[in-house]
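Below: the structure, in structure tokens.
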Amino acid sequence: MTSTAATAPRRRNALLPTLVALVGLVIVAMLGTGVWTDRLWYVNLGYGQVFSTQLWTRVALFAGFGLITAAVVVGNIVLAYRLRPATRQGPVASQLLERYREVLETRFSQAMIALGGVVALFAGASGAGQLTTYLAWVNKTEFGTPDPRFGLDISFFVFDLPWLSYLLGFAITTLLIAAAGAAVMHYVMGALRFGRGAARSGSRAAQIQLSVLIGLAVLGYGVARWLDRYVYELQSGPLLTGLTYTSDTARINASTILAAIAVICAVLFWSTIVLGRWLLPGAGMALMVVAAIVLGAIYPGAVQAITVVPDEPDKERPYIGQHIAATRDAYGVADVEVQDYSAETVAAAGQLRQDAATLPGIRLIDPAKVGPTFEQLQQVRAYYSFPSVLDVDRYLIDGQPTDTVVAVRELDPNGIENPSWNTRVTEYTHGFGMVAAYGNRRQENGTPEWISRDIPPVGELPETEPRVYFGELNRGFSIVGAPAGAAPIELDTPGGGEGSTPRLNTYQGAGGVPIGSMFNRILYAIRFGDPNILLSDRVNEASQIIYDRTPVERVQAAAPWLQVDSNAYPAVVDGRIKWIVDGYTTTDNYPNSQRVSLEEATADSQSGRPPGAAPTDTLNYIRNSVKAVVDAYDGTVDLYAWDETDPMLQTWRKAYPDTVQPRSAISPDLLAHLRYPEDLYKVQRQILGRYHAIDPAVWYRGSDLWQVPTDPVNGANTRKEPPYYLSIKWPGDDQAHFSLTSLYVPNGRANLAAYMAVNADAASPDYGQMRILRMSDSQQIDGPGQVLSAMNNDSAVAETLRRFQNEGTAQASYGNLLTLPVGGGLLYVMPVYVQRASGSGSYPVLQFVVTRFGSQVAIDPTLQGALDKLFAGDAGASTGEEDGTRPPDGGEPTEPSGPADNPAAIAALNQAITANEEAEKALRAGDLATYQQKQNEAAEATRRALDALGGG
């Protein structure tokens, strides 16, 4: 009976350690699986060095900070234990305290090992979290620019100060924890006593140990206050980010004095080693607390209130000047050109003759509007999809640079019918092809005129590898690949197989991690929590697993030190579909530069930052230092140095050598598709809303503030108007340039303040040239909201669109409101789309174009017609629209030759006329479907007439 009773507790006692051990093994297995599969992924990507650098640096930081902290904390507690008195003097404080002493003396070693492990774990995790700060510090590159106050290179603030501040904070915390632990041990062991009537606070050994520890912590506090002198150039206040009069004349001096007082206090603590009393260090600490209150708060507050506030513009003027210069340098806008512009407001015949090069670049196809049109006309199957907002690029078509609207036909897993594990993972693995349309053309029925379309792709873009395994829509994993001779199972195209069946394919690239071995299959089954990876017969010795497929994810992994632009855009480069991603080096430690929120600055009515695109949000320095390219077929990531003079890029190239290729490695075909990045431009336009004013007095008064207007087209949205890529001809230039453009309105007003553009063509020697047209203060020029209101109130526009507003089977909606500096003034162009109000297959088609110049408004089915109406019947230049009646050189319209002696042509023309009349009736009735059908019939009849005349 006794034996059985003794065995039960032993079994219960053994159960808990067993469960703890099993949980520990599971955690270790999960962590190990994650680390090893990450290594496999990085090696497959070609950036194994990035993984190893991060891993071993983290391990070193974890071990270093963990071991040092554990040694300091546990070592001082052990020392306190060893310095315990042989006999305890005075009464026992309590039975509980006596019990603690007995437990400690019995299990002291186990307790110290456990404590050391916990301390090392937390301290090591904190240290490992400083990976980026440490690598930047140890590989720092000087900026070559001194700060205006101390004459230190900017690199000290960007790289040194964050690391030194962390080390100091860590050291002070460690010393205080060690002192607290030693004090507790001394108290428990009876070497330290508290209470009334105690002449001495404890044993001599306890006093010495605590004096040394606290003195070191106070000394660390003093060094931290010394570093605060530099931190004032990074602090954000009510007026600005950076040094101010009060900081320069009061706070810096106060920090210097506090640092000196802290050193004295540390010496006073160490003096107890000789004097054996706490009176002097206690008095010193009291003095330091009073000094911190007086010098740190009262004195600067008094200087601000008495000296600065009554005379703030004059007192702060030199500091505002430093702040403006630093901000403009940090954001790369120091060389922006501001030009006064007295915009013409009267439209006259032939006024656009000098701007003939600009008109063909006016983009009528709105990339934020035609996503559903691409879906309906080029989707092919429900499992393909396009993004809601498409992209703008340039291609050389017939020898001419042509603005295009582009999108990749990606696989959308949500569109798979009857999805199963096999279909999702092994069959529906990729999208197919690029779709591109002319930006300035449309077909007669209002749909885009395609440059590249269909499956397999046909058109002007030579795609030698159209399959898309890496993109923005499919975020799940796929298993691809098969042994030689095995039957393919991946769905390649909906048609093309025998008997019009779908064509199947086997992936031949190297974009996935090999999982042919049982070991790798087990690892990935654990990683994804999916036993099918182990059980499925479709996973074979040649299989690869593809995951982390989005361009942003892959670039962020290859270059973890980069901020990534929120918009990755596709291009056909050397016959392959590539995703182009702009990467930025940023910091929020640039002295005297204004801090902004990246999230706030880049948000507008069409965009938001995707997950993983912004590791940090606040910044006060930014450079587009890297152009990254991700291959849509095999996921290869190539990083190219773009701003090779950037000290931050040079620093990270030293930290991760051989990961970034030189700028000279960019191929001409790739260079033709690089452009000025949107997020950088959005940040810069926000900064220039205030920092275009370089006079400190004007800046201080805030009398010339600009802001980005809200998007006038989306009336329900109060977010900012997005910038637009356009080919524009700047006043005074000889030719048009692909540019990124935006508008400003005065703060709190709706009229136009300025027009801003940057040369966005990376192949141009003027790439990055930023210019602003500042509107004259002597006349009011309407802003975009006022322009849209004027367009809506125009009688011709209202009459034309009335049938689509409140009744009928079709509804009208506005596209982007574009602004161009032409004709000595500003031309506004807005496409109008019409869409059936119901039906699953409805999509918007371009039917009208509204224009405005000055106070004149015109609407027409074509841009050329609207411009001719606007400019007294003759705009003076051609838009390049190919309607068959307008010559390409911008001359007068000509009529086709008459078909009097050609009966076939006469019959075809009569059919075209009849179809056009029926189309107009359908349009007036709001029946868009019939309208489009009749327009197509008219176009076909016109083509037959031209063929009969010998012109087809």
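Please compute the net charge surrounding residue 813, taking Lys and Arg as +1 and Asp and Glu as -1 over other residues with Cβ under 13 Å from its Cβ.
+1
Quote the FRET efficiency, to the nearest 0.05, computed for residue 777 versus residue 302 with a Förster distance R0 of 25 Å and r equal to the Cβ-Cβ distance.
0.05
Of the listed peptides 362-374, 259-271, 453-465, what is their order by residue-averaged count of other C-beta atoms within 10 Å, with the highest listed first?
362-374, 259-271, 453-465
With the alpha-carbon atoms as the only input, what is the per residue convex hull volume for the stretch 292-350 in Å³?
In the stretch 292-350, the Cα convex hull volume per residue is 176 Å³.
Does the stretch 49-202 come out rounded, prolate or oblate by the C-alpha gyration tensor, with a ≥ b ≥ c the root eigenvalues, rounded set by a/c under 1.5 and, if not, prolate when a/b is larger than b/c and oblate if not?
Oblate.
Using only the Cα atoms of the stretch 678-775, what do you get for the radius of gyration and for Dmax, in Å?
Calculated on Cα positions, Rg and Dmax stand at 14.2, 41 Å.
Checking the cross-link filter: which aspartates and glutamates have an alpha carbon closer than 18 Å to that of residue 140, excluding same-chain neighbours under 8 positions apart?
153, 160, 588, 643, 644, 646, 658
Determine the gain in length on full extension of the stretch residue 465-residue 25; use 0.36 nm per residue of separation and subtract their C-alpha separation, reporting nm with one decimal.
153.8 nm
In the chain, what % of DSSP beta bridges are antiparallel (nearest 5)?
Close to 90 percent.
So if I place +1 on the C-beta of Lys and Arg and -1 on the C-beta of Asp and Glu, and nothing else carries charge, what would the dipole magnitude of the stretch 358-468 be about its Cα centre? I want it in debye, nearest 20.
In total the dipole reaches around 140 debye.
If you take the charge dipole of the chain about its Cα centre, with +1 on Lys and Arg Cβ and -1 on Asp and Glu Cβ, which of 851, 261, 325 is farthest toward its positive end?
So the residue we want is 261.
Counting only the backbone N, which residues of the stretch 205-244 are under 11 Å from the spot 7 Å out from the Cα of residue 164 toward its beta-carbon?
The answer is 223-231.
For helix 161-188, what angle does its Cα long axis make with the longest principal axis of the chain, in degrees from 0 to 90 and rounded to 10?
30
In this model, which of 627/682; 578/654; 369/869; 682/720 are farther than 20 Å apart at the alpha-carbon?
From 627/682; 578/654; 369/869; 682/720, over 20 Å: 578/654; 369/869.
Note down the relative contact order for the stretch 127-228 as a percent, whole number, built from C-alpha pairs under 8 angstrom at least six residues apart.
Worked out over the stretch 127-228, it gives 26 percent.
How high is the relative contact order of the chain, in percent, with contacts defined as C-alpha pairs under 8 Å that are six or more residues apart?
Over the chain, the number comes to 11 percent.
At what distance in nm do the modelled label points of residue 287 and residue 940 sit from each other, each positioned 7 Å from its Cα along Cα→Cβ?
With each label placed 7 Å out from Cα toward Cβ, I get 10.0 nm.
Using the Cβ atoms and a cut-off under 10 Å, what net charge is assigned to the surroundings of residue 464, where Lys and Arg are +1 and Asp and Glu are -1?
-2
Where in the stretch 33-63 does the amide nitrogen come within less than 15 Å of the point 7 Å from the Cα of residue 665, taken along Cα to Cβ?
Once the point is set 7 Å along Cα→Cβ of residue 665, 45-50 turn out to lie under 15 Å by backbone N, inside the stretch 33-63.
Can you return the lysines within cross-link range of residue 934? Criterion is Cα-Cα under 20 Å, with same-chain partners fewer than 8 residues away left out.
List returned: 921.
Can you tell me the orientation of helix 2-45 relative to the chain, as the angle in degrees between its alpha-carbon axis and the longest Cα principal axis, to the nearest 10?
40
Residue 139 to residue 274: extension gain in nm, 0.36 nm per residue of separation minus the Cα-Cα distance?
Result: 44.2 nm gained on full extension.
How many angstrom lie between the Cα centre of the stretch 703-732 and the Cα centre of the stretch 166-193?
59
With each label point set 7 Å from Cα along the Cα-Cβ vector, what nm distance links residue 574 and residue 82?
Result for the modelled spin labels: 6.6 nm.
The stretch 263-322 to the stretch 522-582: how many Å between their Cα centroids?
For the stretch 263-322 versus the stretch 522-582, the Cα centre distance is 55 Å.
What's the angle, to the nearest 10 degrees (0 to 90), between helix 48-82's Cα axis and the longest principal axis of the chain?
Tilt relative to the chain: about 20 degrees.
Going 7 Å from the Cα of residue 517 along its beta-carbon direction, which residues of the stretch 18-38 have the amide nitrogen within less than 19 Å of the resulting point?
Label zone hits: 29-38.
Values in this text are rule-based calculations from the coordinates and carry no lab data. This one's a predicted model, so the numbers in the text were calculated from it and none came from an experiment. Here Cβ is always computed from backbone atoms with ideal geometry, including for glycine, and neighbour counts include all displayed protein chains.
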